[in-house]
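The values are calculated or read from the model by the stated rules, or taken from the named source; none is laboratory data. Here the structure is a predicted model, which is why all the values come from computation and not from measurement. For neighbour counting, all protein chains shown are included, and Cβ atoms are generated from backbone atoms with ideal geometry for every residue, glycine included.
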Amino acid sequence: MRSHTMNTAVTLCAAALLAAGMATASAAPAPPPAADAGQQQAGHPVLVDCLWHPQEHPADFMIACGDGNSRLSSLHWSHWDSNSAVGKGFNVVNDCNPYCAVGKFHSYPVVVRLDHPQPWKKHPQLQHYTRMSLVYTNGKPDGFARVVTYPLWN
């Protein structure tokens, strides 16, 4: 009988915790709606993020969408037009030593250049940058060249 009482108590506690978690999640304020792609300025390409949101002048940008081991932070843009964009910030990279789950993140100052705008497949009325180049200005991750160029997703 004691085992049955214990199982019932554990089940009730688990149900209460689950209900409390659901109530907390449903009571949380909804995130602001993503900017409508149609509201972007005509002629100014966007940078498409990992969640397929168009961005102009983002302060942060995830490069490694799959694992989050490389991102840009503290971005300040000095130029953004119909052909290219240029900014400065930091590339925060996991050294994955001895493996990524226990690796340490290191920040490297970079100059970011976006270029090669093309129509965005999701919203053909918008142009999006299709190439990103990073120029490491003071140190760089092991195995990286001083200038690294990435194709950007469409």
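For residues that are over 20 Å from the mean Cα position of the chain (by Cα) and under 22 Å from PHE90 (Cα atoms), scanning just segment 117-139, find the one that is surrounded by the most Cβ atoms within 10 Å (Cβ to Cβ).
Per the stated criteria, the residue is THR137.
So that you can scan it fast, the table gives a plain yes or no per residue for (1) touching an Asp or Glu at 6+ places or on another chain (Cβ under 6 Å); (2) in contact (Cβ under 8 Å) with a residue 40 or more places away in the chain; (3) part of a loop (DSSP other than H, G, I, E, B):
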{"site": "GLY89", "(1), (2), (3)": "no, no, no"}
{"site": "VAL93", "(1), (2), (3)": "no, yes, no"}
{"site": "PRO98", "(1), (2), (3)": "no, no, yes"}
{"site": "ALA101", "(1), (2), (3)": "no, no, no"}
{"site": "GLN118", "(1), (2), (3)": "no, no, no"}
{"site": "HIS123", "(1), (2), (3)": "no, yes, yes"}
{"site": "ARG131", "(1), (2), (3)": "yes, no, no"}
{"site": "GLY139", "(1), (2), (3)": "no, no, yes"}
{"site": "TYR150", "(1), (2), (3)": "no, yes, no"}
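Filter segment 36-63 for residues that are modelled with pLDDT of 70 or more and not in a loop (DSSP other than H, G, I, E, B) and give the result.
Result: VAL46, LEU47, VAL48, PRO54, GLN55, PHE61, MET62.
Among the candidates GLY143, GLY139, GLY103, single out the residue that is in contact with a His (Cβ under 9 Å, 6 or more places away or on another chain) and among the small types (Gly, Ala, Ser). Reasoning before the result, please.
Working: GLY143 fails: in contact with a His (Cβ under 9 Å, 6 or more places away or on another chain); GLY103 fails: in contact with a His (Cβ under 9 Å, 6 or more places away or on another chain).
Of GLY143, GLY139, GLY103, the one residue that is in contact with a His (Cβ under 9 Å, 6 or more places away or on another chain) and among the small types (Gly, Ala, Ser) is GLY139.
Let me spell it out: the conditions are (1) hydrophobic (A, V, I, L, M, F, W, C); (2) over 16 Å from ASP60 (Cα atoms); (3) under 20 Å from the mean Cα position of the chain (by Cα), and LEU114 meets all of them except one. Which number is the exception?
Evaluating LEU114 over (1) hydrophobic (A, V, I, L, M, F, W, C); (2) over 16 Å from ASP60 (Cα atoms); (3) under 20 Å from the mean Cα position of the chain (by Cα) leaves (2) as the failure.
Could you say whether any residue in segment 124-143 is closer than 25 Å to VAL46 by Cβ and charged (D, E, K, R)?
Among the residues of segment 124-143, at least one is closer than 25 Å to VAL46 by Cβ and charged (D, E, K, R), which makes the answer yes.
Is it fair to say ASN154 is under 20 Å from CYS50 (Cβ atoms) and in contact (Cβ under 8 Å) with a residue 40 or more places away in the chain?
Values: under 20 Å from CYS50 (Cβ atoms): yes; in contact (Cβ under 8 Å) with a residue 40 or more places away in the chain: yes.
It is true that ASN154 is under 20 Å from CYS50 (Cβ atoms) and in contact (Cβ under 8 Å) with a residue 40 or more places away in the chain.
Please name all residue pairs, on different chains or six or more residues apart, with Cβ atoms under 6 Å, provided the first residue is in segment 37-60 and is closer than 10 Å to HIS123 by Cβ and surrounded by 14 or more Cβ atoms within 10 Å (Cβ to Cβ) and the second residue is at pLDDT below 95 and among the polar types (S, T, N, Q).
Sorted first by the residue in segment 37-60, then by its partner, the pairs are VAL46/GLN40; PRO54/GLN40.
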